[in-house]
1. With respect to the numbered conditions (1) at the interface with chain A (Cβ under 9 Å from one of its Cβ atoms); (2) over 18 Å from the mean Cα position of the chain (by Cα); (3) among the charged types (D, E, K, R), which one is the sole condition not fulfilled by B:ARG119?
2. Of all residues in the stretch B:107-122, how many are open to solvent by less than 60 Å² (accessible area, probe 1.4 Å) and either over 21 Å from B:LEU47 (Cβ atoms) or part of a helix (DSSP H, G or I) (or both)?
3. So for the stretch B:1-9 (the condition being closer than 26 Å to A:THR51 by Cβ, open to solvent by less than 60 Å² (accessible area, probe 1.4 Å) and either at pLDDT below 95 or out of contact with any Pro (no Cβ under 6 Å at 6 or more places or on another chain) (or both)), does at least one residue qualify?
4. Condition first: at the interface with chain A (Cβ under 7 Å from one of its Cβ atoms) and assigned to a loop (DSSP other than H, G, I, E, B). Now tell me which residues in the stretch B:25-50 satisfy that.
5. Return yes or no: is B:ARG42 touching a strand residue (DSSP E or B) at 6+ places or on another chain (Cβ under 8 Å) and open to solvent by 60 Å² or more (accessible area, probe 1.4 Å)?
6. For A:ASP49, indicate whether it is of a type outside the set (Lys, Arg), under 20 Å from B:GLU36 (Cβ atoms) and modelled with pLDDT of 95 or more.
2 protein chains.
Amino acid sequence: MDARTTHTLPLLDHIDDAAAEACCPPILGGVLSEDEAEQAARVFKALADPTRVRLLSMVAASAGREACVCDLTGSLDLSQPTISHHLKVLKDAGLLERERRGSWAYYRLRPEALAVLSRALLPVAPRR
Amino acid sequence: MDARTTHTLPLLDHIDDAAAEACCPPILGGVLSEDEAEQAARVFKALADPTRVRLLSMVAASAGREACVCDLTGSLDLSQPTISHHLKVLKDAGLLERERRGSWAYYRLRPEALAVLSRALLPVAPRR
DNA sequence: CCTCTGCATCGACGATTATCAATACCGTGC
DNA sequence: GCACGGTATTGATAATCGTCGATGCAGAGG
C-alpha cells in the first residue's frame, strides 16, 4: 500500500490499515464533505450485512477476541469461500486483522476501530 | 431533564418505529443470533451510502437538527426523487423522523437512535 | 519429491440497490 | 372549484453485492 509518511504519532505505527483514525469524522460535527462521507460509508458498509455482523460478534466472543477461520466456517452454514470473503471485507474495513499461525488464519478484533466508529455517531460536544 | 434521565420511561411511547431500542444489541456482547444480526445490519445498511451519511450530517448541522427537503435537494446535486428515497431509508431505519409543516416536509434527527447504535459498538460492560 | 489440508481467489449468477424521468399525491392560494 | 409548487411513488436501467463451485496457493508432514 502507499506509505503515509507524514504521520508522526508513534501510536499509529502498528496500524497498518487506513480505517482506524481516518475513517470516521463525527457524523454530527458539521456537514461532511463528499470524501468524508465516502470513508464513513465504507466502514458502515462492512457492517451492513447480517453475516458480517455475526462474524464480528463471533470473533469478539472468542478467547483472546480472535478466531480461526475453521471455527467460523463450522458455525455459519455458508460456504467457506463466502466466509472468507466476508472476513476480507471486515479486514479491509479495519474492523478485523488477520494473522497466519501455522497453516491456520486467525482473525482478531480491532476494538479501537469500533471505538472510533462509536464515537463518530455521538454529538461532538456531549452537552450534559 | 426530560429525555436523558432514564431510558425506561414513557419516553418510548412515541417511538413508533422499531429502531430505537430493539435495533442493536451489543455487537461485542456475545454471539448474535440470526435475527439480532439482521436487525443490526438493517440500521448499518442505512448508513452504508455516502449520500445518506451526508444527508444525516446535513440534517444534524441544521438549526434545530431538522431540515426541509427543499434545502437538501438544493445542496446535493442529485435528483429530488433520489433525495426523497434516501430520506425514506434513513427514516425507516429510525435515524430520522418526518414531519409535515405546510407544504414542506421536515426531517429531524433522532439522536437517541444514534446513541443506541453507538453503544452497540462498544464492549458490553466496561466493568471498572 | 508428493500429498493433504486450510484458506484465498476467480468466474458466474441471481438479488439487491442507486439513480433517473415520468407521474401521482397533497397543501396552499387564487 | 382550479392551478401551482413541494414531495412521494412508480417503473426502468445500470451497477453493486452475496453466494456458490471450481481452482489456486501456501504450509505441514510424510
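1. (2)
2. The qualifying residues number 8.
3. The answer is no; no qualifying residue exists.
4. If the condition is that a residue be at the interface with chain A (Cβ under 7 Å from one of its Cβ atoms) and assigned to a loop (DSSP other than H, G, I, E, B), then B:ILE27, B:LEU28, B:GLY30, B:VAL31, B:LEU32, B:LEU47, B:ALA48, B:ASP49 are the ones that fit.
5. When the stated conditions are applied, B:ARG42 does not pass them.
6. Answer is yes for this residue.
Each row is one residue, and each column tells you yes or no for (1) over 19 Å from B:SER33 (Cα atoms); (2) touching a helix residue (DSSP H, G or I) at 6+ places or on another chain (Cβ under 6 Å); (3) modelled with pLDDT of 95 or more; (4) basic (Lys, Arg).
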{"position": "A:ALA61", "(1), (2), (3), (4)": "no, no, yes, no"}
{"position": "A:LEU72", "(1), (2), (3), (4)": "no, yes, yes, no"}
{"position": "A:SER84", "(1), (2), (3), (4)": "yes, no, yes, no"}
{"position": "A:LEU87", "(1), (2), (3), (4)": "no, no, yes, no"}
{"position": "A:LYS91", "(1), (2), (3), (4)": "yes, no, yes, yes"}
{"position": "A:GLU97", "(1), (2), (3), (4)": "yes, no, yes, no"}
{"position": "A:ARG101", "(1), (2), (3), (4)": "yes, no, yes, yes"}
{"position": "A:TYR107", "(1), (2), (3), (4)": "yes, yes, yes, no"}
{"position": "A:PRO111", "(1), (2), (3), (4)": "yes, no, yes, no"}
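Residue by residue, here is whether (1) more than 8 Å from DNA strand C (Cβ to nearest atom); (2) open to solvent by less than 50 Å² (accessible area, probe 1.4 Å); (3) assigned to a helix (DSSP H, G or I) holds:
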site	(1), (2), (3)
B:ARG52	no, yes, yes
B:SER57	yes, yes, yes
B:ASP71	yes, no, yes
B:GLY74	yes, no, yes
B:ASP77	no, no, no
B:THR82	no, yes, yes
B:LYS88	yes, no, yes
B:LYS91	yes, no, yes
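The values are calculated or read from the model by the stated rules, or taken from the named source; none is laboratory data. All values reported here derive from a predicted model rather than from experimental measurement. Because the Cβ atoms are built from the backbone with ideal geometry, glycine has one as well, and the counts that use them run over all protein chains shown. Ligands, DNA and RNA are stripped out before the accessible areas are found, and what is left, the full protein with its side chains, is counted by its heavy atoms. Shrake-Rupley method; radii C 1.70, N 1.55, O 1.52, S 1.80 Å.
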